Amino acid sequence: MSDQIKFIVGNLNKEPFRKNYNLITFDSLEPMQLLQVLNDVLAEVDPKQVIDIREEMPEQTAKRMLSLLGILKYKPPGNATDMSTFRQGLVIGSKPVIYPVLHWLLQRTSELKKRAYLARFLIKLEVPSEFLQDETVADTNKQYEELMEAFKTLHKECEQLKTSGLSTAEIRRDISAMEEEKDQLIKRVERLKKRVETVQNHQRMLKIARQLRVEKEREEYLAQQKQEQKNQLFHAVQRLQRAQSQLKSMRHAAADAKPESLMKRLEEEIKFNSYMVTEKFPKELENKKKELHFLQKVVSEPAMGHSDLLELESKISEVNTQINQLIEKKMMRNEPIEGKLSLYRQQASIISRKKEAKAEELQETKEKLASLEREASVKTNQTRDLDGTEVLKGDEFKRYVSKLRSKSTVFKKKQQIIAEFKAEFGLLQRTEELLKQRHENIQHQLQTTEEKRGVSGYSYTQEELERVSALKSEVDEMKGRTLDDMSEMVKKLNSLVSEKKSALAPVIKELRELRQKCQELTQECEEKKSQYDSCAAGLESNRSKLEQEVRGLREECLQEESKYHYTNCMIKNLEVQLHRATDEMKAYVSSDQQEKRKAIREQYTKNIAEQENLGKNLREKQKAVRESHGPNMKQVKMWRDFEQLMECKKQCFLKQQNQASIGQKNLLGTNISCFEETFI
């Protein structure tokens, strides 16, 4: 308990309470102050609870706190009797009740804040069924439930985003990096623009290049659509093939089947269904009714104690012994006809049990088959949703396996060819290294000879001149090619643009119509939305008014019920007292002595007389005891002295036992008898 109080005081001294309590001041709080502290903690959890409890009735305070604790799922310790004491303690501000509540609230404040916030939107308002008959109320209730479900989904998404690990610092870093990349791209675009501005007709060429890029993107999109259409066509063809194969198999089965076999199968199904309907289901229904009747009987009876259970167990054991005795008597008779009939009955019961077991097995297998078919359909739908392909069956699976085998053989051959290419590539690398080494050696020898001849660098300059001339010729060829390519590209682009325009003309018309429809629908949606908002606001105001009226009427009903029950109890008490008073008057006035004796006054007078006699006898006994008290005390003192004297004699006798004679023993006995005579 002390650790609990320390925890409470420590948390109350922190933010946002700042109570500045210590253990002594907190323990010396009055019940009203303690309830105010509890209300402040509840107000931190739910801001609607901010109120001064001095301005509120104690019953309303307890009701409000109990409702909030019920929403927060606080479980007070104990059973139903403890629940009543918990309510009383909450009303009067008892410390053993409020301390655990404060400890529980302060331990999990953040969690309870979230729960109280959700309770404002997720506690469903129960509308009576007679009000739901109205269409407007039913529609409003349906919208209310839909909004509640939407709030649930949005709250889950919000929590997932909070716990997804995306912090603001990381997002800011990403934004800054993206801005830097954007600046770099802008600079590169500006550099490219400056380089392109020197080219003739660069604007026209840029426009053509932009159109080319758009048309390429359009081409990719159309190619993707074409591939999707091909996939859908392939799946449709596969479904058609499977349906045709199923149709063939069904036709083949129908062609091979005979009417006799079909009739036999139908008769078996009819027999099974008739057995289930006429025998099995009625028995099960009868058993269920018996169980229900027994359970209703058990529920209607009062609660049983341990003694009642022992009595029932004893009755059960007695009935079992009687049943065993009757069975033994029946076996002792040993009638032959009954014996034969018992054999047939046993066989019939065995057959019926087997029949029931087989029927149950058949029913279970049918249920399993249906469940497996449902699972198979669910799995096929899942696979179709995941990768868009159907599950292969039968011949299709065999063809797929054969394709895989052929592909595996081709794959192995390609791997072998790749291994040969790798080996050849290694040889060529080695030869290249050797040739490079020889070239370096030759170059070194050439440099040494040039230095000896006095013309060092001649071979290098010659190679550079040849390389520059080759590059110049290549650049000239490239210029000519680029001009030709650009002219051809412009022609192709113009033709492609004209083709794409002619192809996109009907699509653009459809797009214009769809845009007009979209604008009309958006206007209609906005109008409907404004109507909905106004209707929802009006309904919300009406609902709040109705709620207030219902609350006031319920409170009045509860008050009137309590007054009614109180007056009924008072009337019953007064009736009982009046009945007793009339009976007393009748008995007191009547001339019959027996009825007078039944009167309460006579009984009380009789009891008073008996008590007076008893008191008189007791006073006489007290007087006798007082008179004999002095002699009796003297006698008790003399007897104690006699016991001490005898103890001393005994000790002396034990010391002188070896020297004492038998005569002395007799003398001791005579002395004891003399002493006894004197005391008596």
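The values are calculated or read from the model by the stated rules, or taken from the named source; none is laboratory data. Please read all numbers here as calculations on a predicted model, not as lab measurements. Every residue, glycine as well, gets a Cβ built from its backbone with ideal geometry; the counts of neighbours run over all protein chains shown. SASA here: full protein model, heavy atoms, side chains in, ligands and nucleic acids out. Shrake-Rupley method; radii C 1.70, N 1.55, O 1.52, S 1.80 Å.
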*Taking the Cα centre of the stretch 110-250 as origin, sum charge times position over the Cβ atoms of Lys and Arg (+1) and Asp and Glu (-1), and report the length of that vector in debye to the nearest 20.*
1240 debye
*Name the aspartates and glutamates eligible as straight-distance cross-link partners of Lys509: C-alpha to C-alpha under 18 Å, and not fewer than 8 places from it in the same chain.*
Glu499, Glu520
*Rg(Cα) / (2.2 N^0.38 Å) computed for the chain, rounded to two decimals*: 2.10
*If you stretched the chain out fully between Thr409 and Met83, how much longer would it get, using 0.36 nm times the residue separation minus the C-alpha to C-alpha distance?*
109.4 nm
*Order Thr153, Thr61, most accessible first, counting only protein heavy atoms with a 1.4 angstrom probe.*
Thr153, Thr61
*Roughly how many whole Å is it from the C-alpha centroid of the stretch 507-550 to that of the stretch 404-453?*
76 Å
*Ignoring everything but the protein chains, give the 1.4 Å probe accessible area of Leu372 in square angstrom, nearest 10.*
100 Å²
*Over 19 Å (Cα to Cα) - which of Lys75/Lys95; Lys14/Lys73; Lys187/Lys207 fall in this group*: Lys14/Lys73; Lys187/Lys207
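Compare Tyr74, Tyr400 by solvent-accessible area with a 1.4 Å probe and give them largest first, with all protein chains kept in place.
Values: Tyr74 30, Tyr400 110 Å².
So, going from the largest accessible area down, we get Tyr400, Tyr74.
Taking GluC sites (Glu not before Pro) as exposed when DSSP calls them loop (any state but H, G, I, E, B) and at most 16 other Cβ atoms lie within 10 Å, what is the longest stretch of the chain free of them, the sites themselves excluded? Could you put the intermediate results ahead of the total?
Details: sites that count: Glu56, Glu126, Glu130, Glu390.
Counting at most 16 other Cβ atoms within 10 Å as exposed, the longest clean stretch of the chain is 391-680.
Which entries of Lys297/Lys329; Lys283/Lys355; Lys329/Lys354 have Cα-Cα distances beyond 24 Å here?
Numbers: Lys297/Lys329 34 Å; Lys283/Lys355 14 Å; Lys329/Lys354 30 Å.
Table pairs above 24 Å Cα-Cα are Lys297/Lys329; Lys329/Lys354.
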*Accessible area of Leu427 in the full protein assembly, 1.4 Å probe (Å², nearest 10)*: 120 Å²
*About the Cα centre, charge dipole magnitude for the chain (Lys/Arg +1, Asp/Glu -1 at Cβ), debye*: 1900 debye
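Write down the Kirkwood hydrodynamic radius of the stretch 1-123, to one decimal in angstroms, obtained as one divided by the mean of 1/r over all alpha carbon pairs. If you can, show how the numbers build up before the last one.
Working: mean 1/r = 0.0674 Å⁻¹.
Final number for the Kirkwood radius of the stretch 1-123 is 14.8 Å.
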*Note down the relative contact order for the stretch 1-123 as a percent, whole number, built from C-alpha pairs under 8 angstrom at least six residues apart.*
33 percent
*Can you tell me the dipole magnitude for the stretch 1-123 around its Cα centre, using point charges on the Cβ only (Lys, Arg +1; Asp, Glu -1), in Debye to the nearest 20?*
440 debye
*Could you work out how far the C-alpha centroid of the stretch 43-114 sits from that of the stretch 563-622, in angstrom?*
49 Å
*Over the chain, what relative contact order in percent results from Cα pairs under 8 Å that are six or more residues apart?*
7 percent
*So what's the back-of-envelope 222 nm ellipticity for the chain, counting only DSSP H runs of four-plus at -39500 (n - 2.57) apiece and dividing by all residues, rounded to 500?*
-31000 deg cm²/dmol
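Which chymotrypsin sites (Phe, Trp or Tyr not before Pro) from the stretch 168-272 combine a DSSP loop assignment with at most 12 other Cβ atoms within 10 Å? Let's see the in-between values first.
Numbers: sites: Tyr221, Phe234, Phe272; in loops: none.
Hits after loop and neighbour filter: nothing returned.
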*For the stretch 565-638, state which trypsin sites (Lys or Arg not before Pro) are in a DSSP loop and have at most 16 other beta carbons lying within 10 Å of their beta carbon.*
none
